[in-house]
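Structure first, commentary second.
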Amino acid sequence: MIVAAGPDDRAALETLLSARIDRAMFPLANLRAHGLGQGGFASDHPNATRFWLVDRHSLVALTQEGMLMALLDGTPDLTALRPALDGLAVTGAVGPAAAIRPVLAALGLAGLPTTSDRDEPGFSLDLDRLLVPDLPGTSLRPLTPDDLPRVLQWRETYIGEVLGVTGPDARAKAEADLNAWLARDSHRLLVHRGKPVALTGFNAILPEIVQVGAVYTPAPLRGKGYARRAVALHLAEARATGTRRAVLFAASDAAARAYRALGFQPTAAFTLFLLATPARIAA
């Protein structure tokens, strides 16, 4: 049975998501930030999210901007999912591969053209076990408006390299991302002898856990340990405020090696699926 969740289901959703928090950062953060609407999105914020309960122990979610998320317990029957989401627009999907892949298949999205369609290794870390590499002459600081021209270029390049989006769409997404980062104070720059050399941040933040994302070093500066140092210092900053755990998924083998060096341990693979053009679900 697939049932659209409303405000009365908030406690049940919190329980499901919190029990699998390492795999549920995005939907749980969205739920806590934006709440639940009745028969629709709670607001017009891009991250406002609708949820559908699947056999009470699984769920599928969709944000206002069209990103699918899911947590499945085993292999539930998803044949009623397409009618449940009939008429809604989807731009992509992110989450545990074991859940996202069956949901994409059930909705008829798996074969559509994409800019990104890959499974990436997931990692988690108890921050008591964080290893902070030494790199003399480096320090971490928040982003400021003065950093925007440089970081905008970095972010646009990252979007092209990792997400496969280029041109005006990449620039627009980069600008939106930077505005959100500044508003949330979620990202940091690593500075080496006065020069910004790497970017790191948290894509989702909860009191007990953070999800690392948007880590970037310009190509000429790679291989020097800057990104590793930036991530470690940012996690140490979060730990000092009481955060106990961190999760992430790695976009490359080099990134995976860097995260392992900080103490991260492998977990379930994550799917990053981005459609070339939005698709509307049709029952």
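The values are calculated or read from the model by the stated rules, or taken from the named source; none is laboratory data. It should be emphasised that the depicted structure is a prediction, and the values quoted were computed from it without experimental measurement. All Cβ positions, glycine included, derive from the backbone under ideal geometry; neighbour counts span all protein chains shown.
State all residues of the range 180-207 that are part of a strand (DSSP E or B) and over 12 Å from Val231 (Cα atoms); if no residue qualifies, say none.
As a first pass, look at the range 180-207 and keep what is part of a strand (DSSP E or B): 187-192, 195-206.
Result: Val191, His192, Lys195, Pro196, Val197, Asn203, Ala204, Ile205, Leu206.
For Asp169, the criteria (1) touching a residue at least 60 places away in the same chain (Cβ under 8 Å); (2) out of contact with any helix residue (DSSP H, G or I) (no Cβ under 6 Å at 6 or more places or on another chain); (3) of a type outside the set (Ser, Thr, Tyr); (4) under 22 Å from Gly201 (Cβ atoms) hold in every case but one, which is (1).
Could you check how many residues of the range 222-263 are of a type in the set (A, V, I, L, M, F, W, C), surrounded by 16 or more Cβ atoms within 10 Å (Cβ to Cβ) and assigned to a helix (DSSP H, G or I)? Of the residues in the range 222-263, 10 are of a type in the set (A, V, I, L, M, F, W, C), surrounded by 16 or more Cβ atoms within 10 Å (Cβ to Cβ) and assigned to a helix (DSSP H, G or I). Going by the structure shown, is Ala204 in contact (Cβ under 8 Å) with a residue 40 or more places away in the chain and more than 20 Å from Val94 (Cα to Cα)? In short, no.
Of the numbered criteria (1) out of contact with any Lys or Arg (no Cβ under 8 Å at 6 or more places or on another chain); (2) crowded, with 16+ Cβ neighbours inside 10 Å, the one Thr15 fails is (2).
Within the range 46-64, restricting attention to residues that are over 16 Å from Asn203 (Cα atoms) and at pLDDT below 95, the residue that is nearest to the chain's Cα centre (by Cα) is His57. Close contacts from the range 255-281, counting a first residue that is not assigned by TED's automatic domain parsing to the domain that holds Ala232 and modelled with pLDDT under 95 and a second that is surrounded by fewer than 17 Cβ atoms within 10 Å (Cβ to Cβ) and among the aromatic types (Phe, Trp, Tyr), with Cβ to Cβ under 7 Å and a gap of 6+ residues or different chains, come to none at all.
Name the residues in the range 208-221 that are among the polar types (S, T, N, Q) and part of a loop (DSSP other than H, G, I, E, B), would you? Let's see the steps before the verdict.
Initially, the range 208-221 is screened for residues among the polar types (S, T, N, Q), giving 211, 217.
Within the range 208-221, just Thr217 meets the criteria.
What number of residues in the range 68-109 are in a strand (DSSP E or B), hydrophobic (A, V, I, L, M, F, W, C) and surrounded by 18 or more Cβ atoms within 10 Å (Cβ to Cβ)?
Start the filter on the range 68-109 by keeping residues that are in a strand (DSSP E or B), which leaves 68-71, 89-96.
Checking which are hydrophobic (A, V, I, L, M, F, W, C) leaves us with 68-71, 89-90, 93-94.
So of that shortlist, the ones also surrounded by 18 or more Cβ atoms within 10 Å (Cβ to Cβ) come out as 68-71, 90, 93-94.
Qualifying residue count, the range 68-109: 7.
Restricting Arg32, Arg10, Arg20 to residues that are within 22 Å of the chain's Cα centre (by Cα), under 20 Å from Phe270 (Cβ atoms) and surrounded by fewer than 19 Cβ atoms within 10 Å (Cβ to Cβ) narrows the list to Arg20.
For (1) touching a Cys at 6+ places or on another chain (Cβ under 8 Å); (2) within 21 Å of Ala29 (Cα to Cα); (3) not β-branched (Val, Ile, Thr), each residue gets a yes or a no:
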site	(1), (2), (3)
Arg50	no, yes, yes
Thr63	no, yes, no
Met67	no, yes, yes
Leu72	no, yes, yes
Asp77	no, no, yes
Ala84	no, no, yes
Leu88	no, no, yes
Leu107	no, no, yes
Asp117	no, no, yes
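Looking at the range 110-126, is at least one residue farther than 25 Å from Trp181 by Cβ, crowded, with 17+ Cβ neighbours inside 10 Å and among the hydroxyl-bearing types (Ser, Thr, Tyr)? Yes, that holds for at least one residue.
Contact map, the range 122-137: first residue at positive phi, second residue at pLDDT 95 or above, Cβ cut-off under 9 Å, separation 6 or more or different chains; pairs are Gly137/Val191; Gly137/His192.
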